[in-house]
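Where a number appears in this text, it was derived from the coordinates with a stated rule and is not lab data. Here the structure is a predicted model, which is why all the values come from computation and not from measurement. Here the Cβ positions follow ideal geometry from the backbone for every residue, glycine too, while neighbour counts run over all protein chains shown.
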Amino acid sequence: MISADTITSRTFTTVRFKEGYSTREVDDFLDEIVDRMATGDHSLARRIKEKTFSNVRFRGGYDIDEVDDFLDEVARGLEGDAGASTGASTASAAAAIPDPHETVAPEPGTSYTSDANLAAPSSDSDAAQLPW
């Protein structure tokens with residue numbers, strides 16, 4: 001189980017020159033999570049997964065990957081708590097959801113690109129026909 005102290009004490013890297021999440025929105029949502037944990041809100045894990053934040057750039061924002069990873073951890077912790085109280089297992093359901101950050105290799109013997117598109121021009125006249 002993830003504790004309220006773990007959530008309230010969590011800090012994130014502040015970014016300025018790349019997109020980040022609005023610090024105020026993230027902080028407010030973390031406070032909301034702690035408040036709802038105290039009430040035993042059973043929809044909290046779903047709400048965490050569906051939450052979106054405004055992106056900011058050139059002013060302080062939280063690192064997007066750090067926030068997303070932490071909220072995923074919180075949601076998994078809450079789902080585990082709900083599964084333990086109802087006797088349900090969420091491990092098989094979580095295994096069925098692909099990780100959006102996972103690199104997937106092509107099946108053996110297949111390619112996502114055509115070798116013809118990768119060929120170098122054989123003469124200057126071929127180079128003149130290239131779109132770039």
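So, in the stretch 25-73, how many residues would count as being exposed (fewer than 13 other Cβ atoms within 10 Å of the Cβ), small (Gly, Ala, Ser) and closer than 22 Å to Thr14 by Cα?
Within the stretch 25-73, residues that are exposed (fewer than 13 other Cβ atoms within 10 Å of the Cβ), small (Gly, Ala, Ser) and closer than 22 Å to Thr14 by Cα number 2.
I'd like to verify a number: residues in the stretch 40-54 that are more than 16 Å from Glu25 (Cβ to Cβ) and among the acidic types (Asp, Glu), how many?
Of the residues in that region, 1 qualify.
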